[in-house]
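Okay, structure first, notes after.
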Amino acid sequence: MGRKERRRRRAPKNFTLTELLVVLAVIAVLMAILLPTLQRTTRLAKAIACQGNLRQWGFMFSMYADNNDDRLFKQTYGDTWISPMEPYYRGSKDSLFLCPMATKPYVGQPEQLPTDLGIKALTQKRYWALAYIGAGTKYHAWWLFEPNPFCSYGLNDWLLDHSQSSTSSASSWSATHIKSASDVPVFLDCIWRGSRPHELDKPPEDDDCPPKMPAGADPQLSAMQYFCIDRHDRFVNSAFLDGSVRKVGLKQLWTLKWHRYFDPNGPWTKAGGADPEDWPAWMRSFKGY
């Protein structure tokens, strides 16, 4: 065998175009198989981190009640839990305020933002905010301002002391030591600081938007939409009055014990006769309760 023949045999063989296309196709198939699994794992990790935050919020809520003879916050316009609980959460890491699925604010009309002010400066100037920001969405936090600029969680406002309101005081829990504590939500994934749901509340028509109220409508009739957000694959996370934390199906929200007279078998539940067709299109395939 000559020297040239031996050299040709030792030379590496190049990939043909067909072989290269086969390799690329195999890689594409593997990516298609593995990517959804990776995404689900990432979302699950974020949901677990969110539950950890809510566990701390539930614990701080319990501490407040214990330190105040089981008397909860007074109902005040535009505040609710934020000021009373400040001694308990001040100094906490920013991550405590944010579900990992909703860490950035929602800006309704970004073209109105002043070009000479950064986000930090905006949080120091409350009056700037009134024109173009407010509630969040399923993937956006709402504006808390102080001590942390944003927040992803909200309170069941039926836990407030509504003694100054004759229409709400009878329904309000106003205390923590109750028999149905495991079904009473405290802090949840939310697009605002809190709300007071009713069993007649309609679900939101859209999947990802700030709450929309019909002109002249009573906001209380649509209060559930603040919590009914598809943040964790058809679920939200919630801390309950007994100290537990668990995920809650979006349709399951209508079966919780939000206030003393809330009917968990209302018209939006299976027991109340709700059918999948009764729900908005984006929720019809969700599990019913």
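Laboratory data are not the source of any read-out in this text; all were calculated from the coordinates shown. Quick caveat, the model's predicted, so the values are computed rather than measured. A quick note on method: Cβ atoms are made from the backbone with ideal geometry, for glycine too, and the neighbour counts reach across all protein chains shown.
Some points to look at:
- Cut-off under 5 Å, modelled amide H: who pairs with Leu241 long-range: Val184, Val186
- The residues packed around Pro185, meaning those with a beta-carbon under 13 Å from its beta-carbon, carry a net charge of 0 if Lys and Arg are +1 and Asp and Glu are -1.
- Sorted on the mean count of surrounding Cβ atoms within 10 Å across their residues, most packed first, peptides 24-33, 85-94 read 85-94, 24-33.
- For His140, His177, order by how many other beta-carbon atoms lie within 10 Å, fewest first: His177, His140
- Stretchable slack from Lys74 to Asp242, in nm (0.36 nm times residue separation minus alpha-carbon distance): 58.4 nm
- Length added when fully stretched, Ala32-Glu205, from 0.36 nm per residue minus Cα-Cα: 59.1 nm
- Taking θ as phi - 60° and the Karplus parameters 6.51, -1.76 and 1.60, the scalar couplings of the stretch 60-74 work out to 5, 4, 5, 4, 4, 4, 5, 7, 10, 6, 6, 9, 9, 5, 6 Hz in sequence order, x denoting glycine and proline.
- Fewest-first ordering of Tyr261, Tyr153, Tyr139 by other beta carbons within 10 Å of each residue's beta carbon gives Tyr261, Tyr139, Tyr153.
- Stretching the chain fully between Leu21 and Ser285 yields a gain of 91.1 nm (0.36 nm per residue, less the alpha carbon separation).
- Pairs beyond 32 Å (Cα-Cα), from Lys93/Lys270; Lys93/Lys287; Lys46/Lys270; Lys179/Lys251; Lys104/Lys270; Lys93/Lys202: Lys93/Lys270; Lys93/Lys287; Lys104/Lys270; Lys93/Lys202
- Ordering Glu277, Glu19 by the number of other Cβ atoms within 10 Å of each residue's own Cβ, fewest first, gives Glu277, Glu19.
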